[in-house]
Amino acid sequence: MSNTTLRKRISLTAISALVVGMLSVIATPTANAAVGDANLAASVGTVNGSLMVATQDSTAVAAVVATTTSTGIALANADIARSKGILVKDSTSGTAQTATLLAGGVLSLYAHVSTTTAFTASAGSFSSGSAGNSGTVTYNAGNSTVLFSGITTASGVAALWTAPTTPGTYTVRSFGGNGVGTVPTLASPSVTLGGQVTVTVVASSAGGTYSAAYSACNTSTIVATATGVDSTSTVQNSGSWQINFDLDDAYDVSLGSGNIVVSATNGGIVNLGSSTATAAAGTTSTAVEYGSSQNRSVRVDQPTAGAPLTTTVTISFNGTVVCTKTVTIKGEVASLQIKDLLTGDLSSANSGTLWGDRDGTGRGGALGYFVALDSAGNVVDQDALGTVAVDSATLTPLVTAATLVLGTDDSTSAGTGQGTIAWTCGATASTANLKIKFTNTTSGTVITSPAFAARCANDPYTYTASWDKASYVQGDLAKLTVKFKDSKGNDANSYRPGASIITAPMMTLVSTTGSATSYLKADGSVEYTFAVGLSTGITDGKYTSTVDFTALTAVAASVATMTYNVGTGVTAVSNADVLKSIVALIASINKQIQALQKLILKR
């Protein structure tokens, strides 16, 4: 099936339908009918600007020409026109029409004209010409042109064109007068182009068998016309997938009805339906049907509620595999992961604007995240599956409560699949090993997270800094760690320590971590990454770096200073080493000369 245009279909099992095509370069043309549709009446076309092709295929031995009336504008019997061996006709109009015809087949052509008109072809022959309004029909010597002359009022003209027996591409055109007295003749049939059909003649039909190029199959969360583009959505527990499909042959023509078999691996449940209504859930992993191949949909469900399913669904038509799709339906929550913990501020719930929008979701403060997984390890949509609460038995007098917000989506939000955690700190630095519990709504199953350290401390007050190595060479990556303490000497909380001024000669900062808006890690530290070297090069030596968090050094902290060595990594060669090498080379040459002299004297 063509997925970008509205297609007209035929059934090749009964090649009995023909395309009525209309071409015009004079006015907006009427759209062609499809093979299998009724022939278009010539009167709907533009006078002198259309060419029709009979879409219905003759069931008799020969094609049938349309009969024309002697008066009026209608082809009274256009509906009796029959082509012979027509396989495909495009649905466009104008001078770019196309058709496919069996070798030696016949197109039944007709047009609505008011002046002398010629049908002409690049090969093949015309016959059975008919012209209304007492027009005269004549042929050239090779019958490659038929001329309808003597026409002065609106009438119909018709003829049969027999294609060559040699496969190839041929062109059939209609020409009319130009309105100023010049009209076609047998000798010069071309004047004003009214219509054109490019005909592909083939030795045998390629229709009736599956073509991947013209068929479509795709996954979707809804039943719909197949597009060939798989859905990027996810399906949660108790949801279902749809696999929409539409099958055509090599001529972009419907395959009609046939034997359809659908099977799913891993116990997936399938059922066949249409693209217009969601089918009921199936009962087995196989569905068999003799039915239409057009606008169909397969529903896929998990066999056990709550259990995740990944299944490969295979669809075959008349024994040919036409579509294979692998889909996943997620299960209920089976485990919780805790990640990206920070340290909270004293005497605070830590869940408001203090911590800002840490993950870009607009959910407010977050000292950590929890991720819900099903038994297969898939991240699931927490909000759709249940509720969450802190395990009250793990709270302490200094960590008195926790605020939990469920993750609302696992595929499109900035906080993909993550719920947020914040805890209320008392006035004294402490740590509580908290746990949270998730209750699955459908099954009632309660899942408890591993214990995690909910730590509380005061704001950064002083700090120290250190490099990860004492010496570096050009091209190294150097790590600078700054460790913050609160006023009591505890590792500080994770709140922003403010802007800093860092100098590191012969190094270039390459990380954004540790900016003025960044949070500290749970242990009160922050890390910076530097590339050793400058764009202008590097000079060997020992250097001193400084780290100044200005808001802190203005109160109680001191600017941190650290030294390190840098080098190019290239070992220098002294003049003495060069001289020593030269002397050794000369000595070696002298020995070789002496040995050569002894050899000569012996002779």
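Every read-out reported here was derived from the displayed coordinates using simple, explicitly stated rules and does not represent laboratory data. Keep in mind it's a predicted model, so treat the numbers as computed, not measured. With ideal geometry, Cβ positions are generated from the backbone for all residues, glycine too; neighbour counts draw on all protein chains shown.
In table form, for the structure just shown:
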| read-out | value |
| --- | --- |
| Cα shape, the stretch 159-223, gyration tensor, a/c 1.5 rule | oblate |
| Net lengthening on full extension, residue 61/residue 80 (0.36 nm per residue, minus Cα-Cα) | 5.4 nm |
| DSSP-defined beta bridges in the chain - what % are antiparallel, rounded to 5 | 90 |
| Surrounding net charge for residue 453, when Lys and Arg each add one and Asp and Glu each subtract one, Cβ distance under 15 Å | 0 |
| Dmax and Rg, reported as Rg then Dmax, of the stretch 462-567 (C-alpha, Å) | 14.0, 45 |
| Cα-based helix-to-principal-axis angle, 575-602 vs the chain, degrees rounded to 10 | 80 |
| Whole-angstrom gap from the stretch 167-196 to the stretch 484-539, using each part's C-alpha centre | 81 |
| Per-residue Cβ neighbour rank within 10 angstrom, fewest leading, 332, 289 | 289, 332 |
| Stretchable slack from residue 592 to residue 230, in nm (0.36 nm times residue separation minus alpha-carbon distance) | 122.4 nm |
| Average Cα contact separation per residue, the chain, under 8 Å, 6 or more apart, as relative contact order % | 8 |
| 12 Å beta-carbon shell around residue 336, net charge (K/R +1, D/E -1) | +1 |
| Entries in 339/435; 330/437; 437/483; 469/542; 339/521; 330/435 that, when Cα-Cα distance is taken, lie over 22 Å | 437/483; 330/435 |
| Charge tally in the Cβ shell below 14 Å around residue 564, where Lys, Arg are +1 and Asp, Glu are -1, residue 564 excluded | 0 |
| Principal axis dimensions, largest first and in whole angstrom, of the stretch 200-347 by Cα | 86, 35, 24 |
| Relative pair counts by distance (%), Cα atoms of the chain, 20 Å bins | 16, 24, 20, 20, 17, 4, 0 |
| Positive-end residue, the chain charge dipole about Cα centroid, Cβ charges, pick of 473, 550, 131 | 473 |
| P(r), alpha carbons of the stretch 393-485 - 5 Å bins starting at zero, rounded % | 3, 10, 13, 13, 12, 13, 12, 10, 7, 5, 2, 1, 0 |
| Kirkwood Rh, angstrom, the stretch 234-318 [1 / mean 1/r, Cα pairs] | 13.3 |
| Stretch gain in nm, segment residue 464-residue 392, where the contour uses 0.36 nm per residue and the Cα spacing is subtracted | 22.2 nm |
